[in-house]
Amino acid sequence: MADTSDPTGYDPSGSTVAWRSFHREATTRLAAAGVDAPDVDARRIVEAASGFEGAEFHLGLDRLATKRGVVRFDDMMERRLAGEPLQYVVGSWGFRTLDLMVDRRVLIPRPETEVVAGLALAELARLAEPGHVLTAVDLGTGSGAIGLSLAAERTDTHVVLTDASEDALQVARANLTGIGRAATRVMIRQGSWFEALAPDLAGRVDVVVSNPPYVAESDPLPSVVADWEPLEALRAPDGGRADLRHLIGGVGEWLRPGGSLVLEMDPTQTAWAAEAAAAAGLVDISIRPDLSGRDRALTARRPA
């Protein structure tokens with residue numbers, strides 16, 4: 001429960017205090033627990049509990065907290081102090097232009113994946129022609145972050161989201177409802193990689209994009225990842241290469257001439273992936289960096 005030792009603290013008899021008191025409490029407790037950037041976490045938790053976000057936040061700090069808001073604040077603080085990632089605690093996270101629902105059924109959207117979505121958007125822009133409806137496929141979509149960004153940012157693009165996990169697709173469907181009219185251009189299908197695609201898409205897809213599992217089964221993961229995020233969306237056999245190999249080897253059947261493949265991967269896998277793409281007959285192969293400058297993504301095209 002919120003700290004009631006402060007004379008301005010929460011009074012369960014009915015009176016409340018300003019959100020500023022809870023924000024101060026959250027910052028102090030998170031810092032004492034060794035949480036990185038406790039001020040950032042405190043703000044996000046108070047924003048979620050109070051409903052005051054963005055420019056409203058500082059004005060909202062001086063408003064009285066509601067009982068319902070305090071209950072949510074206490075729950076989120078307990079979860080965060082127990083080590084649960086902030087993104088799951090607050091239940092949503094920003095990705096490019098979207099505010100995505102996220103929970104333990106899906107990976108937390110990361111900045112490097114925003115870069116991958118940007119590369120896919122650049123390939124769609126390259127292929128755009130007046131009057132031509134583009135088709136993009138996001139394989140292993142998880143929360144829908146990449147594919148929904150494509151639909152939201154390009155009005156000329158139809159998008160297919162796939163995932164083998166029905167749990168993940170439930171999250172993607174929830175996020176689909178948040179993109180407005182662009183949702184009419186999105187289809188969701190369950191299945192493993194290319195098996196989820198309708199046969200009539202063969203040879204007609206403009207861009208295939210994926211952030212597949214690419215962590216080797218023997219590689220250690222930080223506890224905040226290993227203990228909370230779905231490992232099946234992170235780890236892959238064969239040193240983390242199994243799903244990448246499947247995608248690179250099978251994409252030629254689905255891309256239209258000149259169409260593009262965009263893949264996220266570990267920096268140590270990029271040279272191998274470029275060789276695999278060349279062996280699969282893909283051309284214009286390029287390795288692209290993430291925001292920290294590390295090799296992170298491969299783009300390759302079916303010969304025109």
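The values are calculated or read from the model by the stated rules, or taken from the named source; none is laboratory data. From a predicted model like this one, the values you see are computed outputs, not experimental measurements. Every residue, glycine among them, receives a Cβ derived from its backbone with ideal geometry; neighbour counts consider all protein chains shown. Surface accessibility is based on the protein's heavy atoms, side chains included, excluding ligands, DNA and RNA. Shrake-Rupley method; radii C 1.70, N 1.55, O 1.52, S 1.80 Å.
Rolling a 1.4 angstrom probe over the protein heavy atoms, how many square angstrom per residue are accessible across the stretch 228-289?
Counting only protein heavy atoms, the per-residue value for the stretch 228-289 is 40 Å².
Once label points are set 7 Å from the Cα along Cα→Cβ at both Ala82 and Ala55, what is their separation, rounded to one decimal in nm?
My value for the distance between the label points is 3.8 nm.
At 0.36 nm per residue, minus the direct Cα-Cα distance, what do Thr268 and Ala33 gain on full extension? Give it in nm, one decimal, please.
81.2 nm
Using a 7 Å offset from Cα along Cα-Cβ at His132, what residues in the stretch 175-211 end up with backbone N under 16 Å from the label point?
Taking a point 7 Å out along Cα→Cβ of His132, the residues of the stretch 175-211 whose backbone N falls under 16 Å are 203-208.
Using only the heavy atoms of the protein chains and a 1.4 Å probe, how would Val283, Val90 rank by accessible area, largest first?
Result of the area sort, largest leading: Val283, Val90.
Just Ser260, Ser50, Ser292 to compare: in a GNM of the chain, with alpha carbon springs under 10 Å, which one fluctuates most?
Answer for the Gaussian network model of the chain: Ser292.
About its Cα centre, what dipole magnitude does the chain give when the only charges are +1 on Lys and Arg Cβ and -1 on Asp and Glu Cβ, stated in debye to the nearest 20?
I would put it at about 640 debye.
Leaving out ligands, DNA and RNA, and with a 1.4 Å probe, what % of the accessible surface on the chain is carbon or sulfur?
Using a 1.4 Å probe with all protein chains present, the chain comes out at 52 percent carbon and sulfur.
Roll a 1.4 Å probe over the protein heavy atoms and report the accessible area of Asp163 in Å², nearest 10.
Taking all protein chains as shown, Asp163 has close to 20 Å².
If you stretched the chain out fully between Glu112 and Met187, how much longer would it get, using 0.36 nm times the residue separation minus the C-alpha to C-alpha distance?
24.5 nm
Quick one: among Thr113, Thr270, Thr28, which has the greatest mean-square fluctuation in a GNM of the chain with alpha-carbon springs under 10 angstrom?
Thr28
State in Å² the accessible area per residue of the stretch 118-176; use a 1.4 Å probe, count heavy atoms of protein chains only, and round to the nearest integer.
It amounts to 32 Å² per residue over the stretch 118-176.
Under a crude label model (7 Å from the Cα following the beta-carbon direction), how far is Asp238 from Glu195 in nanometres?
1.6 nm
Between the stretch 69-119 and the stretch 229-296, how many Å separate their Cα centres?
26 Å
Could you identify which residue out of Ala183, Ala42, Ala122 has the top mean-square fluctuation in a GNM of the chain using Cα springs shorter than 10 Å?
Ala122
Could you check what % of the DSSP bridge pairs in the chain are antiparallel, to the nearest 5?
40 percent
What is the extension gain from Arg63 to Arg204, computed as 0.36 nm multiplied by their sequence separation minus the C-alpha to C-alpha distance, in nm to one decimal?
Fully extending the segment from Arg63 to Arg204 adds 45.2 nm.
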